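Report on the following structure.
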Amino acid sequence: MSVLDLTSIEELDRPPIDIRRVDPDVVRTYLGGAVASFAATWLICFQLTSMSGWVGFTAIFALVTLILVWVLAYLQWGRVLAADHAARVLIGMTAAIAVAPLVWIVATVAARGWHALSIAFWTKDLRFAGPQDPFDAGGVAHSIVGTLEVVGIAMLISVPLGVTSAVFLNEIGGSLARLVRMLTDAMSAVPSIVAGLFVFAVFIQSDMLPQSGFAAAIALSLLMLPTITRTTEVVLRLVPGGLREASLALGGSEWRTTRNVVLPTARAGIVTAVILGIARVIGETAPLILTMLGAQIFNANPFSTDKQDALPLFVWNQVKLATGSEGVALQRAWSGAFVLMVLVLALFVAARLLGTGRTRQRSSRRHERSMRARRVRTVHPEKERP
Amino acid sequence: MTLLDDQRLDRPVESRPLNTLTARSVSAWFGSHKVLERVDLEMRAREVTALIGPSGCGKSTFLRILNRMHELVPSASLAGNVSLDGRDIYRHDLPVTEIRRRIGMVFQKPNPFPAMTVAENVVAGLRLCGRRITRAERDDVTEACLRRAGLWSEVRTRLDANGGALSGGQQQRLCIARALAVQPDVLLMDEPCSALDPTSTRRIEETIAELREEITIVIVTHNMQQAHRVSDQCAFFLAGEHEPGRIVEAGATAKIFSSPDDPRTLDYVNGRFG
C-alpha cells in the first residue's frame, strides 16, 4: 500500500495541500519586528530625545523594522532567507510610500470637497452665484461640459495622429523615423504654458480663432500627442514579430497586417496610451487661461466667441476669489477638484470598458451563431478521420 | 489571370496546374555574411520535400526565400532564381502578396493571432488578402480547413475561444488550417513539430500525408525519423565552419536514408554528427 492510498477519494476532491498557506512563523517575524520597532522608535523619539515630527518617526520606524526583521529572520533561518525577508519588507514599505501621496491627495480632496455631493452643484452654473452667495446657488455644470468637450476634441485630434505616428515609427521606420521620434520626445518636454502661448499667438492673436474651447483643445492636443505617440509606439513594439510574419506569409499587405493584426493585438495597450494622454491634459490649467479664458455661464458650443469654462479653471478662479481659509469660494474650489477626480475616474473606467468590450460582444454573437450551426450539423452524422 | 482564379480548387485535382517549385543557383546574404551558396533544388508537385541538416546551415533561410519572406530582413540580399511552374517569383509581375498567398508558410513557433477567436484565425488570411465572403461561406471554410488540419473534432465546441487558449499542438494545427484557408499551392513548414509532443507531432504528420495529394509541401525538420516518415524527396544542407550552407546531397528519401552518395549524409542521417 502506497502513501497516496491513505488519502480517501473524498479528501482528494479538495486540494490536499494548501499551497497558499501563509507560514505563521513568517507572520510572527514581521509582526514581532514591527511591534518591537514601534516600541523602540517611540522610546527613541519621545522619551530619549524630544523629536516630535511624524516624518522622522516614520523614517526611524521603517529603518528599525527592517533591521529587526532581518535579525529575527537571521536567527531562525540563516543569512540567505534573512536577506530575502528583509528585501520583501523593504520593497513593501517602498510601495506603500509610493502609494501614500495618492491616497493622501484623494482623501484630502474627498474630505474638503464633499459638498460636491449635491445635485445643484452638478446641474447649475455660476451665473447667479457670487463668492458670498450660498453654496447651492451655483455649480460646475458649465465647467464639466467645457472639460468634456475640450478633452474630447483634443482626443479627436491627437489619438488618430498619435496612433498613425506610432505606426509610422514602428511599422515603417527608416531614417525619417529617427527624426520624428526625436521631435516627439522634444515635444513631450514642451511646458504646457508654452503650448497655450503658441495657440494664443498663432491662432488667437491672428484672429483665426476666438478664445474658445476649440482653441484650448488645440493647445491640449499638442500636449497629448507626444504621450500618445510614444506610448503607442512602445506597445506596438511589444507585438511579436512572428504575428506580422504570419500575416504577411498569408498574403496580407502591410496595411492589412497593421490594421487586422498589429493594432487589434495592441488594443489594450493603445487604450492605455489614450488614458495616459487624457491624464496628461485633463488637469492642465495654464494653457486654458490663455486660450479659453474661463466663464461663469453654461455654453456648450466650443466654437463660439462666448467663452467656455473647464474644471481646472473653475478651481483656479474660485481659489482666487477665496478669502482666508474658509468661505464658499474655497468650498467650491475643493468641490470642483472633487468633481474633476470623479470625472477622471469615470473616463478611465469607460476607456477600459471600450478597450475590451467590443471583442466580448462580437464573440458572444459568434457563439450564438455557431451554437445554431452545431444543432443543424448534429442531424447529419459527420465523417471525420480518426 | 489563371493564377488569380479563385475557382481553381473546385476543379478536379488532375486539371489543376502543377506546382513545382524550382530553385536555381540561389545564394543569400545577411549583410556581408553569406549564408547560402548556389543552392539548386527542385521541389516537385504533390511530393513532400524535406530539408535536413544541422542548425545554422541555411535551411530556414532557404525556406524563407521560397515565399519571399527573406527580403523582410533589412540586411538580407539574394542571388539566383526561384520559380513556381517556370515563373520566376522574384521577377514575375505578380504582386508579392499574391506570391505569398500561393506559397503559404507554417512557422516553427505556433503563432495564432491573439486578438482573434479560433474561427476568426482560420479565415484571417481571407480578410488579410482582402477577399470578401459571405457568412455561410466563412463557416464552411472554417470547418473545411479545420477538418483538413485534423483539428475540427477538438475545437468544434470552442470556435469562439481565443486562439491562444488552445494547447501548443492545437495552435500549430490551427496555424496550418489558417494557412490552408487561402488555398495555397505550396506549403512551406519550418520545423512545425519542434515544440510539440509526440501525439501532436503524429497528428501533424498525418495532416501532411493527406495534404500531399493536393499541394506541394516543403518541410524543414531536425527529426530524422520524421523526415524519413513524411518525405518523398530529401535535401541535406551543410555549412562548413565560416562557410555558407550548401546542399551536399538531394534525392529520393529512401536513397538518402539507405545508400547516400556522400559519406557525410550517411553520418548525419544516422546521427553520427550534427
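The values are calculated or read from the model by the stated rules, or taken from the named source; none is laboratory data. Everything numeric here is computed off the predicted structure, so don't read it as measured data. Cβ sites come from the backbone with ideal geometry, for glycine too, and all protein chains shown count toward neighbours. Heads up: the accessible areas ignore ligands, DNA and RNA and are worked out on the full protein's heavy atoms, side chains in. Shrake-Rupley method; radii C 1.70, N 1.55, O 1.52, S 1.80 Å.
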Out of curiosity, is residue A:267 at the interface with another protein chain (Cβ under 9 Å from one of its Cβ atoms), open to solvent by 20 Å² or more (accessible area, probe 1.4 Å), farther than 27 Å from residue A:151 by Cβ and not hydrophobic (A, V, I, L, M, F, W, C)? no
Can you name the residue in region B:182-200 that is among the aliphatic types (A, V, I, L, M), outside any strand (DSSP E or B) and more than 23 Å from residue B:140 (Cβ to Cβ) and is also nearest to the other protein chains (Cβ to nearest Cβ) among such residues? B:195
Of A:153, A:218, A:157, A:204, the only residue that is modelled with pLDDT under 90 and either in contact with a Gly (Cβ under 8 Å, 6 or more places away or on another chain) or not charged (D, E, K, R) (or both) is A:204
Determine, yes or no, whether residue A:299 is more than 11 Å from chain B (Cβ to nearest Cβ) and either in a helix (DSSP H, G or I) or of a type outside the set (Gly, Ala, Ser) (or both). yes
Those residues that are open to solvent by less than 30 Å² (accessible area, probe 1.4 Å) and not β-branched (Val, Ile, Thr), I need them from region B:240-274; list them, please. B:244, B:245, B:249, B:251, B:260, B:268
Hey, any hits in region B:88-99 for a residue that's closer than 17 Å to residue A:257 by Cβ, within 13 Å of chain A (Cβ to nearest Cβ) and hydrophobic (A, V, I, L, M, F, W, C)? yes
Quick one: would you say residue A:106 is β-branched (Val, Ile, Thr), assigned by TED's automatic domain parsing to the domain that holds residue A:263 and touching a residue at least 60 places away in the same chain (Cβ under 8 Å)? no
Every residue in region A:204-227 that is touching a Ser or Thr at 6+ places or on another chain (Cβ under 7 Å) and under 16 Å from residue A:183 (Cβ atoms), please. A:221, A:223, A:224, A:225, A:226, A:227
How many residues, within region B:225-237, are within 18 Å of residue B:195 (Cβ to Cβ) and touching a residue at least 24 places away in the same chain (Cβ under 8 Å)? 3
Looking only at region A:211-233, count every residue that is more than 16 Å from residue A:161 (Cα to Cα) and open to solvent by 40 Å² or more (accessible area, probe 1.4 Å) and tell me the total. 1
I need the full set of residues from region A:145-158 which are buried (at least 23 other Cβ atoms within 10 Å of the Cβ) and under 20 Å from the mean Cα position of the chain (by Cα), in order please. A:147, A:150, A:151, A:154, A:158
Hand me the list of helices (runs of 4 or more DSSP H) wholly inside region A:167-260 holding 2 or more residues that are under 25 Å from the mean Cα position of the chain (by Cα) and within 14 Å of chain B (Cβ to nearest Cβ). A:213-237
Filtered residue count, region A:42-77, keeping only those that are more than 16 Å from residue A:90 (Cα to Cα), surrounded by 12 or more Cβ atoms within 10 Å (Cβ to Cβ) and either modelled with pLDDT of 90 or more or aromatic (Phe, Trp, Tyr) (or both): 5
Considering only residues that are away from every other protein chain (no Cβ under 11 Å) and closer than 18 Å to residue B:220 by Cβ, which ones fall in region B:67-77? B:70, B:76
Over region B:136-160, the set of residues facing another protein chain (nearest Cβ under 8 Å) and either part of a helix (DSSP H, G or I) or open to solvent by less than 50 Å² (accessible area, probe 1.4 Å) (or both) is B:139, B:147, B:150, B:152, B:153, B:156, B:159, B:160
For residue B:55, the lone unmet condition from (1) modelled with pLDDT of 90 or more; (2) polar (S, T, N, Q); (3) in a loop (DSSP other than H, G, I, E, B) is (1)
Apart from one, (1) acidic (Asp, Glu); (2) closer than 30 Å to residue A:113 by Cβ; (3) at pLDDT below 50 all hold for residue A:326; the odd one out is (3)
Residue that is surrounded by the most Cβ atoms within 10 Å (Cβ to Cβ), among those in region B:100-122 that are aliphatic (A, V, I, L, M) and more than 9 Å from chain A (Cβ to nearest Cβ): B:122
Which numbered condition residue B:40 misses (of (1) modelled with pLDDT of 90 or more; (2) within 14 Å of another protein chain (Cβ to nearest Cβ); (3) over 12 Å from residue B:220 (Cα atoms)): (2)
